[in-house]
Amino acid sequence: MHKNIKTIIWLSVVILGVAAISAIALNRGESISALWFIAAAACVYAIAYRFYAAWIAATVLSIDETRATPAERLDNGRDFIPTNKWVVFGHHFAAIAGPGPLVGPTLAAQFGYLPGTLWILVGAVLGGAVQDMVTLFFSTRRNARSLGQMARDEIGPIGGAAALIGTFLIMIILIAVLGLVVVNAMKRSPWATSTIAATIPIAMIIGFYMRNFRPGRVLEASALGVILLLLAVVGGGWIDHNESLRTMFDHEGLTLAWMIIAYGFAAAVMPVWLLLAPRDYLSTFVKLGTVTLLAIAIIILQPHVHMPAFTQFTDGTGPIFGGKLFPFVFITIACGAISGFHALIASGTTPKLLSNERDIRLIGYGAMLLESFVAIMAMIAATVLEPGVFFAVNSPAGVVGKEAVDAIAKINSWGFAVTVEQMNQLAKDMGESSLFARTGGAPSLAVGMASIFGNAFGKSMLALWYHFAIMFEAIFILTTLDAGTRVGRFMLQDMLGNIWPKIGQTSWMPSVIFTSGLVVAGWGYFLYIGVIDPNGGVNILWPLFGIANQMLAAIALCVATGILVKSGKLKYAWITGLPLVWLVIITSTAAWQKIFSDDIRVGFLAAANDLATKLASGVLPPDKAAVAPHLIFNQQLDAYLTMFFVAVLWVVILDTSRVIVRYLAGKPLLPLTEVAHEPSRLVEDWVRD
Amino acid sequence: MFNKLKVLWQNIRRLSGDDAYEQYLQHYLQHQTELAELKHADLEAADMENIALEKSEPPLSREAFFKEWQNKKWTGIKRCC
């Protein structure tokens, strides 16, 4: 009887899931309730978690509850600590969930709501969550070794080096694109700029509080910080209405970019307790709170999605970024479906806390499903906007024109209704001077979130909600920027330390300043170019980031597939092998097109040549001619960088294939580095008998 | 109900690191007890020396522990995209 009830419940979940997916896939009407998206996601996740993840855990990985984890064996009360599974889940989720799943879906919405939504669901359950889970498992069985170390131990030195270089370059591109998103959110907006600026002294106050006033009292300090942040949002509105104060915070993109660069350098050199650590507490609480609030608001309000299932931009002519649906929807969604970066957290960091192997499914697979759900909410927030408004906010001036009238005429010509008055009224409601060409995804996400929050909790405070949403995005973008620059610095010190040992000393100040400067110069360069690019920069940087991130995911899947085969599980190797093949196809295709396409909005080299021809023939206006040489160089550099990424990817694939072929031929290989079984003392029932 | 709220609060403290120092002290005391037990067992002279060395180290102060804990937490990749 009990079994029958379970079967009936799961059948209902399957039926509801199929109905919800059919509703969103087949709808061609005016609009569709966002609740269908939530229902489809919940059912897909539930089925995948209950059946696919459970099968992988039991059959493929043979998870052993009686086996002591590294946290238990190496427990030192500091970094190796057996921890409650929900606490580990919280840590893991806070670490993997960054701004990526918010920005990617917002940009990918230019193809319509359907392609992005389907990939967020399918990519997460078959790709991203599997990658995170198996990486967590393999690292747990190897004393919490990092992805790079596992690649070196199991595949060979090439894989290890590729993972290291790949990680470093992704970090540079990621920080640049995130910096650009923040700059675009602050451009000519004294309210947003002053609120974001206020987060710096607030973080420092909290840092002092936790360090000197009440050491280690994380919760009370964070509560104080969150109150101060909310006051900063309100205070920003006050500054915006004060004629003399607002000019202090009213800046062009380039000025803001320099400020971000200076801030990034200062944050990397300063001790972590002063800025990075307190900011992270605040950003984690604000992030969890806002995402929960958004989910509740969507469920209460059931907003309608106005974007069509597909737009005409699937043909590659989209204004936000160039390139066809295949492969660019996959590259653009990136983190919401599968993110190589997660493999770096799932190895090395999280396994040190895991008290039992049976929690691997919840933490590895479950946390990725939650991240994917955040991406679904971002997709909803982007597509509840009228498509005309969405394109007016997200299309760069270089595509639709600088003047409002031109931009509106262009967007109307695509068949999306929107008027200048409508955009002016919207900007006024949101407390901004203009919402045209606010590329990067943050402003349009904030408008979407503000309208959802406004409808659910009171419309009178739209401007407050808008700037709250901007603060929410900026605060953890800046955390990623700080943390990323710091990690980049450590990696660089480690690499350069091989040449000159002194520079490898992480606390030697000249080395800290030198290496931090190099890392900041690296991402600062791409940020600078992104800001001076009339097409907004995001159209170049985001695909580059997407390619790099998917490449890292492919490396993680290579390592996982290699270990599965070496463990004698060839017949199950498809669980990582299939997502790997798919990622290799999309990454290689996207890279090929980004390098060699004749379309100047897709191909880096074509764009560089086109601009060079225009510059030589003197048809460019003086302001564009002045920046053209930088843009040409940058497009060429991006082409070489993409070539490098794809070359690294193929080297790792060939190296993994070599390992697999040798295994099949029965030739000697690097041995498996799995730590021998030791019974767990934490599982009383098993051990004592 | 009250117990559930208490567990929730404990988990929030654990999650945020609010009770990290208490955890550390607990671990330290446990370790000391284990050492005391070992003292009665048959041990080589070298082991005894090591134990004496460890035993002479008092636990870190709250400030010192928090400083070390934060530095350790932010070494390596702890946040991604």
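For the reader, a short list of remarks on this structure follows.
- Net +/- balance of residues flanking A:VAL538 in space, Cβ distance below 15 Å, scoring K and R +1, D and E -1: +1
- Considering only A:ILE595, A:PRO70, A:PRO190, the residue lying farthest towards the positive end of the dipole of chain A is A:PRO70, judged by Cα position with unit charges set on Cβ.
- For A:LYS502, the aspartates and glutamates whose Cα falls under 18 Å of its own Cα, not counting residues fewer than eight places away in the same chain, are A:ASP494.
- Proximal charge balance of A:ILE175 [Cβ under 13 Å; K/R count +1, D/E count -1]: +2
- A:ALA647 versus A:ALA25: modelled label distance in nm, points set 7 Å from Cα along the beta carbon direction: 4.2 nm
- Charge dipole of the protein assembly as shown (Cα centre as origin; +1 on each Lys and Arg Cβ, -1 on each Asp and Glu Cβ, all else neutral): 640 debye, rounded to the nearest 20.
- Cut-off under 5 Å, modelled amide H: who pairs with A:VAL305 long-range: A:ILE32, A:SER33, A:ALA34
- Against the main long axis of the alpha-carbon atoms of chain A, helix A:404-413 sits at an angle near 60°.
- Gap separating the Cα centres of the stretch A:365-412 and the stretch A:129-189, nearest whole Å: 27 Å
- Residues A:TYR572, A:TYR263, A:TYR281, A:TYR365, ranked from the fewest to the most other C-beta atoms within 10 Å, line up as A:TYR572, A:TYR263, A:TYR281, A:TYR365.
- Distance from the stretch A:508-563 to the stretch A:420-449 (C-alpha centre basis), Å: 28 Å
- Neighbour counts of other Cβ atoms within 10 Å put A:MET186, A:MET270 in the fewest-to-most order A:MET270, A:MET186.
- ³J(HN,Hα), Karplus 6.51/-1.76/1.60, whole Hz, each residue of the stretch A:69-86, x for Gly, Pro: 8, x, 4, 7, 5, 9, 3, 10, x, 10, 9, 8, 9, x, 10, 3, 4, 6
- For the listed residue pairs B:LYS4/B:LYS67; A:LYS352/B:LYS78; A:LYS569/A:LYS667; A:LYS352/B:LYS73; A:LYS402/A:LYS594; A:LYS287/B:LYS4, the alpha carbons are over 23 angstrom apart in B:LYS4/B:LYS67; A:LYS402/A:LYS594; A:LYS287/B:LYS4.
- Dipole of chain A [Lys/Arg +1, Asp/Glu -1 at C-beta], most positive-end residue of A:ALA463, A:LEU654, A:GLN302: A:LEU654
- For the stretch A:6-47 versus the stretch A:322-364, the gap between their alpha-carbon centres in whole angstrom: 24 Å
- Longest exposed-site-free window of chain A, the sites being GluC sites (Glu not before Pro) in a DSSP loop that have at most 15 other C-beta atoms within 10 Å: A:404-673
- Each principal axis of the Cα cloud of chain A was taken in turn, and the coordinate range along them, longest first, works out to 77, 69, 59 Å.
- Taking the number of Cβ atoms within 10 Å of each Cβ as an exposure proxy, the fewest-first ranking of A:HIS304, A:HIS2, A:HIS467, B:HIS27 is A:HIS2, A:HIS304, B:HIS27, A:HIS467.
- For the stretch A:388-449, the list of trypsin sites (Lys or Arg not before Pro) that fall in a loop by DSSP and count at most 16 other C-beta atoms within 10 angstrom reads A:LYS402.
Bear in mind that the values in this text are calculations on the coordinates, not laboratory data. Because the structure is predicted, anything quoted here is derived from the model rather than measured. Glycine gets a Cβ as well: all are built from the backbone with ideal geometry, and neighbour counts include every protein chain shown.
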